Amino acid sequence: VELSCIIKSTVTPDPRIEWKKIRDGDTSYVFFDNKMQGDFVTRAEILSRTSLVIKNTTRMDTATYRCEVAAPLDTKTIDEINIQLTVQ
């Protein structure tokens, strides 16, 4: 599964990108501090700097995934997108 987080324009040379998983009211890090976290370490990767690819998805991956981008030099310094993933 590939979840896309696209940055259209930025003047910040290296914006901070984080991915979080929100399930049943609990939030956990998927990608933080430029590395995968938790059980995603062995089965996920970042493509093109921003897109999250999860391999071997299971029903346990069903959740809302939030991509947060922090670009302190831009007019809009922080933005996020939520993507609902449902694994059948």
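The values are calculated or read from the model by the stated rules, or taken from the named source; none is laboratory data. Computed from a predicted model, the values in this text were never measured in an experiment. Cβ coordinates were reconstructed from backbone atoms using ideal geometry, including for glycine residues, and neighbour counts include every protein chain displayed. Ligands, DNA and RNA are excluded from the accessible area calculation, which covers all protein heavy atoms including side chains. Shrake-Rupley method; radii C 1.70, N 1.55, O 1.52, S 1.80 Å.
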> Residues of segment 72-88 being part of a loop (DSSP other than H, G, I, E, B) and among the charged types (D, E, K, R), which ones?
Replying inline: ASP74, LYS76
> How about segment 17-36: which of its residues are surrounded by fewer than 14 Cβ atoms within 10 Å (Cβ to Cβ) and either in contact with a helix residue (DSSP H, G or I) (Cβ under 6 Å, 6 or more places away or on another chain) or β-branched (Val, Ile, Thr) (or both)?
Replying inline: THR27
> If you go through segment 31-63, how many residues are under 10 Å from the mean Cα position of the chain (by Cα) and farther than 23 Å from PRO13 by Cα?
Replying inline: 1
>> Can you tell me which residue is least open to solvent (accessible area, probe 1.4 Å) among those in segment 37-82 that are aliphatic (A, V, I, L, M) and over 18 Å from CYS5 (Cα atoms)?
In response: VAL41
